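In what follows, a single structure is set out as structure tokens and then discussed.
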Amino acid sequence: ASAIEQHEIKNLQIRYTSVETSAVLKFKDIPLSKKTLQGLQQNEYTTPTEVQKESIVLALRGLDVLGAAKTGSGKTLAFVIPVLERLYCMQWTRLDGLGALIITPTRELAYQIFETFRKVGIQHDFSAGLIIGGKDLNFERKRLDQCNIMICTPGRVLHHMDENPLFDCSNLQILVIDEADRCLDLGFQQTMNGIIENLPPKRQTLLFSATQTKSVKDLARLSLKDPVYVSVHENA
Ligand code: ADP
Ligand code: MG
């Protein structure tokens, strides 16, 4: 990274501890890189939702977050933004391999998340890929080696982990579990456990769901370290 970027990163990191959610009105009030702020602006995102404010500020500090907020409250950007920022601040490059793994229950959701990364991450230099089945395994295998950010459905990614001992997650920094409640409703509990077993324990985990069921809390216990709970009930 250039000296200017290193200077920017240092200044951002200094602000992580002092920024207060209550003082955040716009995305630009959160310590975010120019690249991310530009990506947001280009897509006309100016004002963070409640779950975004809370989760982003905590996740930037490196904490594990369990975010619960209803469908449509903007949970995607609540993890897309910190994933981009964390990798940017680590000065992650394409050569560093897989830095973030995003698990979501369906192909459609995976596509939507991929699109959000593509749009909001447009100024960044990370590679993102989808592992959702429906394409041949060889194609996906090659992708695995080249991606910094991987968006996948549970069964498919565990399949790759099981069949390919060289599937290299050893550098993984961030695990995101999106729609954790739906993952569990769809019977992915064992699959989720299997995936988590394959990941390095020293990582950040961000877990999002629309509801806080007992099984979501069980999954959280399994995958999160001293999580901060963010629960948003927005009034109409
Ligand atoms: P959830 O995952 O909580 O169901 P999504 O992340 O899919 O919600 O977001 C729902 C919709 O709200 C999407 O169309 C998204 O583009 C839009 N959205 C998310 N965050 C913002 C924001 N800060 N400002 C404007 N629109 C937003
Ligand atoms: Mg969602």
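A few comments on the model shown:
- Within the option set Val83, Val19, being within 16 Å of ligand 2 (Cβ to nearest atom) and over 16 Å from Val232 (Cα atoms) holds for one residue only, Val83.
- Residue within the range 98-110 that is surrounded by fewer than 16 Cβ atoms within 10 Å (Cβ to Cβ), within 13 Å of ligand 1 (Cβ to nearest atom) and part of a helix (DSSP H, G or I) present: yes
- Here Ala78, Ala69, Ala59 are screened, and the one residue that is more than 13 Å from ligand 1 (Cβ to nearest atom) and small (Gly, Ala, Ser) is Ala59.
- Every pair of residues 6+ apart whose Cβ atoms lie under 8 Å, when the first sits in the range 153-170 and is under 21 Å from Asp181 (Cα atoms) while the second is at pLDDT below 90 and of a type outside the set (Phe, Trp, Tyr): Thr153/Gly133; Gly155/Gly133; Arg156/Gly133; Arg156/Glu140
- Odd one out for Val176, checked against (1) of a type in the set (A, V, I, L, M); (2) under 19 Å from the mean Cα position of the chain (by Cα); (3) in a loop (DSSP other than H, G, I, E, B): (3)
- Gly72 being assigned to a loop (DSSP other than H, G, I, E, B), surrounded by fewer than 21 Cβ atoms within 10 Å (Cβ to Cβ) and in contact (Cβ under 8 Å) with a residue 24 or more places away in the chain: no
- Single condition Glu140 does not satisfy, out of (1) assigned to a loop (DSSP other than H, G, I, E, B); (2) farther than 30 Å from Lys53 by Cβ: (1)
- Within the range 204-224, the set of residues being surrounded by fewer than 19 Cβ atoms within 10 Å (Cβ to Cβ) and either closer than 17 Å to Leu101 by Cα or within 15 Å of ligand 1 (Cβ to nearest atom) (or both) comprises Ala210, Thr211, Gln212, Leu222.
- Positions within the range 14-56 being small (Gly, Ala, Ser), crowded, with 18+ Cβ neighbours inside 10 Å and in a loop (DSSP other than H, G, I, E, B), in sequence order: Ser33
- The range 112-125: number of residues that are within 12 Å of ligand 2 (Cβ to nearest atom) and closer than 23 Å to Met192 by Cα: 2
- Subset of the range 59-69 [surrounded by 22 or more Cβ atoms within 10 Å (Cβ to Cβ) and more than 17 Å from Lys28 (Cβ to Cβ)]: Ala59, Val65, Leu66, Gly67, Ala68, Ala69
- Candidates are the residues of the range 129-182 that are crowded, with 18+ Cβ neighbours inside 10 Å and of a type in the set (Asp, Glu); the one that is modelled with the lowest pLDDT is Glu140.
- Among the residues of the range 111-131, just one is in a loop (DSSP other than H, G, I, E, B), touching a Ser or Thr at 6+ places or on another chain (Cβ under 8 Å) and within 16 Å of ligand 1 (Cβ to nearest atom), namely Gly121.
The values are calculated or read from the model by the stated rules, or taken from the named source; none is laboratory data. Everything numeric in this text was worked out from a predicted model, so none of it was measured. Cβ atoms come from the backbone with ideal geometry, glycine included; neighbour counts cover every protein chain shown.
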